[in-house]
1. Return the only residue of Thr32, Thr20 being assigned to a helix (DSSP H, G or I), over 30 Å from Gly309 (Cβ atoms) and within 13 Å of the ligand (Cβ to nearest atom).
2. Restrict the check to segment 38-46 and report whether at least one residue is within 20 Å of the chain's Cα centre (by Cα), in a loop (DSSP other than H, G, I, E, B), charged (D, E, K, R) and within 11 Å of the ligand (Cβ to nearest atom).
3. Based on what the data block shows, is Leu195 modelled with pLDDT of 95 or more, out of contact with any Lys or Arg (no Cβ under 6 Å at 6 or more places or on another chain) and not acidic (Asp, Glu)?
4. I'd like to check something: does segment 302-312 contain any residue that is within 28 Å of Ala353 (Cβ to Cβ) and in a helix (DSSP H, G or I)?
5. Can you name every residue in segment 7-35 that is surrounded by 19 or more Cβ atoms within 10 Å (Cβ to Cβ) and within 18 Å of Glu265 (Cα to Cα)?
6. Mind listing whichever residues of segment 320-348 are of a type in the set (D, E, K, R) and at pLDDT below 95?
7. Note down all Cβ pairs under 8 Å where the first residue falls in segment 185-196 and is within 14 Å of Lys175 (Cα to Cα) and without any contact (Cβ under 8 Å) to a residue 24 or more places away in the chain, the second is buried (at least 17 other Cβ atoms within 10 Å of the Cβ) and not charged (D, E, K, R), and they're at least six residues apart or on different chains.
8. Quick check, is Gly12 within 16 Å of the ligand (Cβ to nearest atom) and without any contact (Cβ under 8 Å) to a residue 40 or more places away in the chain?
Amino acid sequence: MDKCTIKITILGAGISGLATAFWLNKDGFDLTVLESKNEPGGSMITRYEDGFLIDYGPNSGLETTPLIGQIVEEIGLKDEMIYAAEKANKRYILKNDQLHALPTSPGAFLKTKLFSTKAKLRLLAEPFVVKSKEGYYQSISEFVKRRLGKEFLDYAINPFVAGVFAGDPDRLSVKSAFPKLYRLEELYGGLFKGLVLGAKERKTRAEQSKQSARMFSFETGMQSFPRSIAAKLGDKIKYNCHVEKVVKSENNFKVLYNHNSKSEEIISDVVLSTVPAYQAASIFDDKENPLFDHLNKIYYPPVKVLYLGFRKASVGRPLDGFGFLIPEKENKAFLGAIWSSTIFPFRARDDLAAFTLFIGGARSPELLDNENEKLVHNVIEEFKKIMNINSDPIFIKKMLWPKAIPQYSIGYIEHEKYFQMFEMSNPGIFLSGNYRGGISVGDCIKNSELTYKKICKHIT
Ligand SMILES: Cc1cc2nc3c(=O)[nH]c(=O)nc-3n(C[C@H](O)[C@H](O)[C@H](O)COP(=O)(O)OP(=O)(O)OC[C@H]3O[C@@H](n4cnc5c(N)ncnc54)[C@H](O)[C@@H]3O)c2cc1C
């Protein structure tokens, strides 16, 4: 089959769309990527202002798959790739207004004041805890409370879920949000047993666990990644093209989009959607199938990113880690902070320190309803107190993500099953993006290769 005669249209030039386009382009397919904004990257937005390099979306990625290195190498970005400073391995959790390092060794675990002796002893029971009958419909909270105890949920998992999903562990499905954790119980009967035995399996797949994978970014920020893939694709990407509808005809699809206020269309053999679920809902809106409902039910809470620059001399505590996360029980107005210029120096001048704070999420979306300057003021004051900072920030930037990250809520399995079924009964349409198969940059890259293979299988 002559691949260059197969027309493929990809909706969305975030990392999911671009990485899939990258694989398809190498094969010589006739490709068009339609993107509604005037730049590539989607959630990956980097800006450079007053000497500060600001990532408003992902600050880094984890190199959980060799596919990341492969793409980076082939788009000529290898020399720009940077890894997190060694000290960023240390992560803090706030408890009683104090920052406690998350223990990374058995000795540190025994000594930490983050967990009580009772909670530490409770962990010893984990290998003997039996599987739950709830199966797919368990929340992360239920799973963790049962296996590891309530204190571990409150002071390790609750803040962790806020850090990854801006999510609420009571509402997220353990099976869909943390499938690997869920699998450890399913396959090996427990987390500790699974961590030891599962290591062999990962080695065979050449994958890195999220705990051991290296954290990467680029000298000029995360958006360099999608920008460089986009440069490789050249004029196959069309910007300012807002896709409105995909209409099925007998042998192909009509993709209708708005380009600079003009209606245009592309006839395509294959359509891959990588736009967020709520956008895909209106594009594929068809009253005869329940796709609209499945896509539209996926909850995306708002998140406000607050980027702060301070004089280093005014920061009264050592900057010796990745940052800190705040358990819900601590009752603060924000979710946590990344010490951006500690993880990747050159994010700010040597005498300055840059931090990225996160507000809202599924834990407290109401904070961002009709919010005013008071919220930001309160967050800055809380942050200064925790960090022992004795002056005001010299640089403040904010960005609101009204619909930030898809929440893999309890019952998500129903959406997952439906999306699979929909693709089978609508050959030629593929649904991808961070609402399927994981929200991290690494997961989006892994999924891009799977999607590419699915498309190739369909075509041949
Ligand atoms: C604030 C924040 C912080 C994060 N931090 C991290 C982190 O540190 N590490 C990590 O691994 N992950 C992080 N993530 C998650 C990760 O960045 C995203 O899950 C991932 O980038 C999503 O990529 P995507 O291509 O699937 O979707 P998107 O990036 O959302 O891309 C979708 C694209 O589709 C376009 N589009 C939408 N509608 C239309 C339409 N109708 N027509 C045409 N185009 C359309 C959009 O403009 C966009 O460019 C973070 C996310 C956010 C929001």
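1. When all the criteria are applied, what remains is Thr20.
2. Yes; the residues of segment 38-46 include at least one that is within 20 Å of the chain's Cα centre (by Cα), in a loop (DSSP other than H, G, I, E, B), charged (D, E, K, R) and within 11 Å of the ligand (Cβ to nearest atom).
3. Here the answer is no, as Leu195 does not meet what is asked.
4. Scanning segment 302-312, I find at least one residue that is within 28 Å of Ala353 (Cβ to Cβ) and in a helix (DSSP H, G or I), so the answer is yes.
5. Hits for segment 7-35 are Ile8, Thr9, Ile10, Leu11, Gly12, Ala13, Leu31, Thr32, Val33, Leu34, Glu35.
6. Arg347
7. Leu187/Gly194; Leu187/Gly198
8. no
The values are calculated or read from the model by the stated rules, or taken from the named source; none is laboratory data. These figures come from a predicted structure and were not determined experimentally. Positions of Cβ are generated from backbone atoms using ideal geometry, with glycine treated the same way; all protein chains shown enter the neighbour counts.
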